[in-house]
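These notes are about the structure you will find just below.
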Amino acid sequence: MADETPVTYHVDNGVATITLDRPEGMNGLTIATKEALLAAVTAAAEDTAVRAVVLTGTGRAFCVGQDLKEHIALLENGGSDELFTTVEKHYNPIVTAIATMSKPVIAAVNGVAAGAGASLAFACDLRLLAESAGFNLAFPGVALSCDTGASWTLPRLVGQAKALELFYFPSTIGSADALALGLATRVVPDADLAAEAAALAAKLAAGPTLSYASIRQSVNYSASHSFEESLAYEGSKMTLTGASDDHRRAVTAFVTKTKATFTGS
């Protein structure tokens, strides 16, 4: 698909699939791609009909981060505002939408995820990796700091010491090592990735969405608050979910030994 449509967005049975679609550029993040991705993740976050999200790519890469050809052109142009405002205008709102939306997000990592591409995957709840896929914290290779939330997400996945090691000495972390480190939820054969991601997303979309959202929000809240504050926040979410229709349906189904149907309310 041509660069004028660098991101596709499709919703089916409660699952929004967001696909980075610049295979000729290894899904590098041009300004147009970042703007399209921001529009897509915002749409998924705001659409109440969407109950699970899959983020993936086409071709050999999931996403190699900033498109360096465009980046070099901007540098040679004297460093335009587009170069120095992209973190604030694009990367931060994109990853914030991914990390905070009130529904589960799955990264279906079809190939290499480098730099901001790795950061995007780390912000998702679950990461399914194709066997040929891998991560690379490529930021020092171009003498840049980390971005797109990696300073927050990566230490929480692997610990601070390992995160710094991965940042300081970037190399491709293959799927098997990513699984061992906790960067991958599951590794699947390349040919099975799309089907596995779709099946997992369908299962989540059919589940108690409000419960998932409350759990996600509670885990995120606890990362930056005290134990006592986290208990209070948990309590507020338990009150919210305890009053939900899905909870009533689940309890009734348990008692009657039937299967509950959830609506996300």
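The values are calculated or read from the model by the stated rules, or taken from the named source; none is laboratory data. None of these values were measured; they are calculated from a predicted model. Cβ sites come from the backbone with ideal geometry, for glycine too, and all protein chains shown count toward neighbours.
Please specify each residue of the range 12-47 satisfying the condition of being without any contact (Cβ under 8 Å) to a residue 40 or more places away in the chain, part of a loop (DSSP other than H, G, I, E, B) and out of contact with any Pro (no Cβ under 8 Å at 6 or more places or on another chain).
Across the range 12-47, the qualifying residue is only D47.
Condition (residue is surrounded by fewer than 17 Cβ atoms within 10 Å (Cβ to Cβ) and among the aromatic types (F, W, Y)) applied to the range 160-174: is it met by at least one residue?
Checking the range 160-174: at least one residue is surrounded by fewer than 17 Cβ atoms within 10 Å (Cβ to Cβ) and among the aromatic types (F, W, Y).
Table: residues versus (1) outside the structural domain of G59 (by TED's automatic domain parsing); (2) farther than 15 Å from L126 by Cα; (3) among the polar types (S, T, N, Q).
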| residue | (1), (2), (3) |
| --- | --- |
| A178 | no, no, no |
| S218 | yes, yes, yes |
| L231 | yes, yes, no |
| A243 | yes, yes, no |
| T252 | yes, yes, yes |
| G264 | yes, yes, no |
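Within the range 187-194, identify whether any single residue is assigned by TED's automatic domain parsing to the domain that holds C124, assigned to a helix (DSSP H, G or I) and under 22 Å from I98 (Cα atoms), and answer yes or no. Outline the logic, then answer.
So the first thing to find is which residues in the range 187-194 are assigned by TED's automatic domain parsing to the domain that holds C124, and the list is 187-194.
Restricting the remaining residues to those that are assigned to a helix (DSSP H, G or I) gives 190-194.
With under 22 Å from I98 (Cα atoms) added as a condition, the list becomes 193-194.
Yes, the range 187-194 has at least one match.
Based on what the data block shows, is S102 small (G, A, S) and in contact with a strand residue (DSSP E or B) (Cβ under 9 Å, 6 or more places away or on another chain)? Before the answer, list the steps.
Details: small (G, A, S): yes; in contact with a strand residue (DSSP E or B) (Cβ under 9 Å, 6 or more places away or on another chain): no.
Against the criterion (small (G, A, S) and in contact with a strand residue (DSSP E or B) (Cβ under 9 Å, 6 or more places away or on another chain)), S102 does not qualify.
Pick out the one residue from L137, L128 that is aliphatic (A, V, I, L, M), touching a Lys or Arg at 6+ places or on another chain (Cβ under 7 Å) and within 26 Å of K34 (Cα to Cα).
Details: L137 fails: touching a Lys or Arg at 6+ places or on another chain (Cβ under 7 Å).
When all the criteria are applied, what remains is L128.
Just to verify a result, which residue in the range 19-43, among those that are surrounded by 24 or more Cβ atoms within 10 Å (Cβ to Cβ) and within 13 Å of the chain's Cα centre (by Cα), is nearest to T100 (Cα to Cα)?
Within the range 19-43, the match that is nearest to T100 (Cα to Cα) is V41.
Need at least 2 residues that are farther than 15 Å from I18 by Cβ per element, so show me which strands (runs of 3 or more DSSP E) inside the range 92-151 make the cut, counting only ones lying wholly within it.
On the way: elements: 105-109, 112-114, 126-130, 134-136.
Filter on the range 92-151 gives 112-114, 126-130, 134-136.
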